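S.K.: Let me give you the structure first, and then I'll get to my questions.
The values are calculated or read from the model by the stated rules, or taken from the named source; none is laboratory data. All of these numbers come straight from a predicted model, not from anything done at the bench. We place every Cβ from the backbone using ideal geometry, glycine too, and count neighbours over all the protein chains shown. To get the accessible areas, we keep the full protein, side chains included, count just its heavy atoms, and leave off ligands, DNA and RNA. Shrake-Rupley method; radii C 1.70, N 1.55, O 1.52, S 1.80 Å.
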Amino acid sequence: MPEKEPVIQSLDGVSFRLAAPFDFAFLHDFGRVFQVYDDQDSGNICFGIDDGNQRLFIKFAGAPTVRYAGETEDAVNRLAQSAKIYQDLQHEFLIRLRGHGPLGGGYIVVFDWFDGICLGKQYPEQRKTFLNLPQSAFLQVFDAIVAFHLHAASKGYVAIDFYDGSILYDIKRNIPCLCDIDFYRKMPVINEMGRMWGSSRFMSPEEFTLGAQIDEITNVFLMGATAFSLFGGELDRSREKWRLSEQTYQVALKAVSPDRSKRYSSISAFMQAWKTALQQDK
C-alpha cells in the first residue's frame with residue numbers, strides 16, 4: 001500500500017508536515033513560532049518560539065507526526081516521563097528545562113532555546129559547518145559529553161539513545177549543549193527490546209541483545225563510540241581513520257571492546273585514561 005501523503009500545516013508562516021491535521025492554536029500563548037522540527041521518529045514535534053523577550057524550545061507529543069509508527073498515547077507518556085529526567089540531571093551542559101505539563105490534548109515540555117547548530121546527520125548543512133571547525137571544538141564537545149555522562153552515572157542513570165543528533169554547538173560563543181535525553185533511565189536496566197532505541201553507530205552489543213544488562217559499562221562503550229564519531233571513522237575504527245594520537249586511539253578502542261570485561265569499569269576510569277593520553281600528547 002502506498003504511503004499516505006503528509007498534510008502541510010503552517011504556524012506564523014512556518015510550514016511543517018503531519019500525518020493528519022492537528023490544532024496547535026494553544027502554542028500562540030507562548031509566542032511566535034519561528035522554527036519547526038517535524039522529522040522526529042519519537043512521536044514528538046518540536047518548535048522554536050519567540051515571546052518577544054526570549055526564545056523557547058518546545059517539545060510536544062500528541063500530534064500525528066509523519067515518521068512515528070507507534071501509538072500516540074505511548075509518545076505522550078514517554079514525553080511526560082522525560083521531564084523528570086531533565087529535572088534530575090540538570091547540568092551546565094544540558095539544555096535547561098523551564099516547565100512541562102498536559103496541554104492541547106497531549107503533553108508539552110518547555111526549554112530555554114539554545115542558539116547552536118546540531119551535529120546530527122539529519123541536518124547535513126549544520127553538521128558540515130561543525131566538521132569544518134578546528135579540532136579544539138571537537139575536544140571541547142567531547143569533554144562536555146564525558147562530563148555530563150559522568151554526572152548522569154553519579155545520579156544512577158544510564159544513557160539510552162544518545163547520538164550526534166543530541167549534540168548542539170554555539171559557534172559564536174564556543175559552547176556545547178546536550179539535548180534529547182528522553183530515553184535515559186535509572187539503573188538497573190535490562191534490555192527488554194532486543195534492538196533498543198538509538199543509532200547503531202553509538203550502540204554497544206548489549207543494546208542489541210535481549211535480556212542483557214544496560215549499565216555504566218554500556219555507557220563506557222558509548223563514550224568510545226562517540227570518540228570515534230568525533231575523531232575517527234565512526235564504525236570504521238581503524239587507526240588510519242583516527243585523527244588524534246596513538247595513546248588516545250588505544251583508550252577509545254578499549255572503551256568499545258565488544259567484550260564488556262575488557263572495557264573501562266566506569267566512565268570515571270575512562271575519563272582519567274583519556275586525560276592522561278591527552279597529556280602525553282603535549
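S.K.: Sort 197-204, 69-76 by packing, meaning the average of other beta carbons within 10 Å per residue, with the highest value first.
M.R.: 197-204, 69-76
S.K.: So, one more: What dipole magnitude, in Debye to the nearest 20, does the range 1-152 give about its Cα centre under +1 on Lys/Arg Cβ and -1 on Asp/Glu Cβ?
M.R.: 240
S.K.: Can you work out ³J(HN,Hα) from phi for every residue in the range 203-209, in order, using Karplus 6.51 cos²θ - 1.76 cosθ + 1.60 and θ = phi - 60°, giving whole Hz and x for Gly and Pro?
M.R.: With coefficients 6.51, -1.76 and 1.60, one gets 9, 7, x, 5, 7, 10, 10 Hz.
S.K.: What does the charge dipole of the range 81-140 about its Cα centre add up to, to the nearest 20 debye, if the Cβ of each Lys and Arg holds +1 and the Cβ of each Asp and Glu holds -1?
M.R.: Taking the Cα centre of the range 81-140 as origin, the dipole is about 160 debye.
S.K.: Taking a ≥ b ≥ c as the square roots of the eigenvalues of the Cα gyration tensor of the range 1-109, is the shape rounded (a/c under 1.5), prolate (a/b larger than b/c) or oblate? Intermediate values should be presented prior to the final figure.
M.R.: Details: a/c = 1.98, a/b = 1.26, b/c = 1.57.
It is oblate, given that a/c is not under 1.5 and a/b is not larger than b/c.
S.K.: Would you list the membrane-span-like helices of the chain, meaning whole DSSP H runs whose alpha-carbon atoms span at least 15 Å along their axis and whose mean Kyte-Doolittle value is at least 0.5?
M.R.: 135-154, 216-231
S.K.: Note the direction-averaged projected area, equal to a quarter of the hull surface, for the Cα convex hull of the range 79-121, in nm².
M.R.: So the Cα hull casts an average projection of 4.1 nm².
S.K.: Still on this structure, I have one more. Hey, can you find the accessible area per residue of the chain for me, probe 1.4 Å, expressed in square angstrom?
M.R.: 48
S.K.: Here's something else I'd like to know. Report the accessible area of L119, computed with a 1.4 Å probe over the heavy atoms of all protein chains in place, in Å² rounded to the nearest 10.
M.R.: 10
S.K.: With +1 assigned to the C-beta of every Lys and Arg and -1 to the C-beta of every Asp and Glu, and no other charges, what is the dipole magnitude of the chain about the Cα centre in debye, to the nearest 20?
M.R.: I would put it at about 880 debye.
S.K.: Using the Cα atoms of the range 38-172 to build a convex hull, what is its mean projected area in square nanometres?
M.R.: 9.0
S.K.: Specify whether the C-alpha gyration tensor of the range 211-282 places it in the rounded, prolate or oblate class, a ≥ b ≥ c being the square roots of the eigenvalues: rounded for a/c under 1.5, otherwise prolate if a/b is larger than b/c and oblate if not.
M.R.: Oblate is the answer for the range 211-282, as a/c is 1.5 or above yet b/c matches or exceeds a/b.
S.K.: Right, next: How would H149, H28 line up by accessible area, probe 1.4 Å, largest first? Mind dumping the intermediate values first?
M.R.: Values: H149 5, H28 100 Å².
Of H149, H28, the descending order of accessible area is H28, H149.
S.K.: Distance cut-off 24 Å, Cα to Cα: go down the list K128/K275; K59/K121; K128/K172; K254/K275; K121/K172; K59/K275 and report the pairs above it. Can you show the working numbers first?
M.R.: Values: K128/K275 27 Å; K59/K121 20 Å; K128/K172 16 Å; K254/K275 15 Å; K121/K172 21 Å; K59/K275 36 Å.
Beyond 24 Å between Cα atoms: K128/K275; K59/K275.
S.K.: Between the range 1-57 and the range 92-126, what is the C-alpha centre distance in whole Å?
M.R.: So the two Cα centres are separated by 13 Å.
S.K.: From the residues I217, F30, V109, which one has its Cα farthest along the dipole of the chain in the positive direction, the dipole being from +1 and -1 charges on Cβ of Lys/Arg and Asp/Glu about the Cα centre?
M.R.: About the Cα centre, the residue reaching furthest to the positive side is I217.
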